[in-house]
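Where a number appears in this text, it was derived from the coordinates with a stated rule and is not lab data. As the structure is a prediction and not an experimental result, all values here were calculated from the model. Cβ coordinates were reconstructed from backbone atoms using ideal geometry, including for glycine residues, and neighbour counts include every protein chain displayed.
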Amino acid sequence: MEAGTHKEIALTRAIVVFLAVAVLIVIAGFTVGELYFWGKHAEENPVDLDIKYMTELVAKSPDDKNLVELGWLYYRKGDYQRAVEVLSRAVKLNRLNPAAHFNLGLTYQEIKLLDKAEAEFIKTLELDPESKYAYFALGKLYFSQEKWDEAAEQFKLASQKDPVSVENFFWLGQAYEKQGFRKEALAAYRKALDRVPNHTQAREAYYRLKQ
């Protein structure tokens, strides 16, 4: 084999080794950087990151929609006081925003200001009579106050707006059962099971009441 050929082979090997080492360095650097980035942010709650982003957005554009989103994030975090403050600002900016009233109602309910929660849910329905969530939330509110008849009425309306939801019929059955309306309760539980056959609570309630 000629000397020139040996040199070419040696040079080729050197280039291959160099490229392999370079690739390993790049991969190692990327991995370390990736671990640093994710390690740095792993301790931060995703909701906190969203709150930080929305707070900056609200500072630039403080409209009612952005405030509703920020208020909802505080609600999800469990910071109900801040949620009330932000959602109240949204309502002041636009009293015709049903989402602002609804989320404010949910927040009031969490901090046991039930009269205020009721008022916000009712206002939501005045602005958006098709809001299945507001009917259901109002039903749950009345149920928690042992206002069985009012609760049943709201769950019935919720089931009319959303006839697919198993929860509407399950809670309608609960409200009927609390009033001693066995036949109506069984029918509601049966409808819940027609929609979700393995709904544990509806199944237990149905067969318990059917005995």
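Regarding the range 46-129, what whole-number volume in Å³ per residue does the convex hull of its Cα atoms give?
Measuring per residue, one finds 73 Å³ for the Cα hull of the range 46-129.
Which lysines, on any chain, are close to Lys116 with Cα under 16 Å apart, when same-chain ones fewer than 8 places away are left out?
Lys92, Lys140
Please report, largest first and rounded to whole Å, the three semi-axes of the ellipsoid equivalent to the range 92-211, where each semi-axis is the square root of five times an eigenvalue of the C-alpha gyration tensor.
For the range 92-211, the semi-axes come out at 28, 14, 11 Å.
Name the residue farthest towards the positive end of the dipole of the range 87-129 from the options Leu114, Leu104, Ala90, assuming +1 on Cβ of Lys and Arg, -1 on Cβ of Asp and Glu, about the Cα centre.
The listed residue farthest towards the positive side: Ala90.
I'd like the FRET efficiency for Asp50 and Ser144, computed as 1/(1 + (r/R0)^6) with the beta carbon distance as r and R0 of 30 Å, rounded to 0.05.
For R0 = 30 Å, the calculated efficiency reads 0.55.
Taking 0.36 nm per residue of sequence separation and subtracting the Cα-Cα distance, how much length would be gained by fully extending the chain between Asp194 and Phe181, in nm to one decimal?
Between Asp194 and Phe181, full extension yields an extra 2.7 nm.
To the nearest 20 debye, what charge dipole does the range 124-211 have about its Cα centre, counting +1 at the Cβ of each Lys and Arg and -1 at the Cβ of each Asp and Glu?
Around 520 debye, computed over the range 124-211.
Can you tell me how much longer the chain between Gln201 and Glu110 gets when fully stretched, taken as 0.36 nm per residue apart minus their C-alpha distance, in nm with one decimal?
In short, 30.4 nm is gained.
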